[in-house]
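Nothing in this text is a laboratory measurement; each read-out follows from the coordinates by a stated rule. Remember, it's a predicted structure, so these values are computed and weren't measured experimentally. Cβ atoms come from the backbone with ideal geometry, glycine included; neighbour counts cover every protein chain shown.
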Amino acid sequence: MFHFLSSDYEAILLSLQVAFCATALSLPCGFAVAYLLTYRSFRGKIFLDMFLNLPLTLPPVVVGYFLLLLIGKNSWLGHFLYTWGIELIFTWKAAVIASAVVGFPLLVRSIRLGMEAIDEKMIQTSRTLGAKWYDAMVTVILPLSLKGIVAGSSLMFARSLGEFGATIIVAGNIPGVTQTIPLAIFDYASSPRGEATALSLCIVSVVLTLGILFFHELLIRQAGKKV
């Protein structure tokens, strides 16, 4: 049923690699931002919240173009990195950045929901017993927000697998280098004889997503039992 070229298998593996790296790199920062928005009050908090959610409302192509302006060789940041031998544009690393930016709001939102569900009295009790804010975060908030962390990580991983618009702007569509599953499907769908392979990759994408969601539910239930 599946008629894949070697580049198609590379696209599948690259998609998994990009999704894993984007999720792993975003998780510590996502937890910190969620903690900041949940337990800290500061000026501009509402604007930070709005800014973080922009990737959910903007077209992914717009997000990709802004990233291109930020890390492209003509930007100060891109030029600085290039002088140190670090190239991001049109590499798989750019695909990781694009997936991380687009999926980050889902990660933060899920972790925040987990933190907001924690009974405030438990945190106050730990404080009265002499625990510092970082002790309370590690011993109380982190374990009790585990469901939100798992949910956010799973959603971000699945979202990263399907990222297209921002990725094609900053990483391009280079077979064997930056071509992920959505980009490969786009190529085959545009080809007169590529319908069968496009459909096969769509099925692979659906199977991977269902597997992630199933794994997500198992982890959520396990986390619930531990808590």
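Pairs of Lys residues in the chain are counted when their Cα atoms are under 17 angstrom apart and they lie 8 or more places apart or on different chains; the count is 4. Segment 127-183 and segment 10-66 have Cα centres spaced 8 Å apart. For P(r) over Cα pairs in 10 Å bins from 0, in percent, computed directly from the structure shown, the correct entry in [x] 7, 25, 24, 15, 13, 13, 4, 0; [y] 8, 28, 31, 21, 10, 2, 0; [z] 9, 37, 40, 14, 1 is [y]. Couplings 3J(HN,Hα) of segment 113-122, computed from phi: 4, x, 5, 5, 7, 6, 5, 4, 5, 5 Hz, in residue order, whole Hz [Karplus 6.51 cos²θ - 1.76 cosθ + 1.60, θ = phi - 60°; x for Gly and Pro].
Relative contact order, whole percent, for the chain stands at 30, derived from Cα pairs under 8 Å and 6 or more residues apart. In sequence order, segment 139-146 has phi-based couplings of 8, 10, 5, 4, x, 7, 9, 4 Hz under the Karplus curve 6.51 cos²θ - 1.76 cosθ + 1.60, θ = phi - 60°, and Gly or Pro positions carry x.
By the count of neighbouring beta-carbon atoms within 10 Å, fewest first, T128, T209 end up ordered T128, T209.
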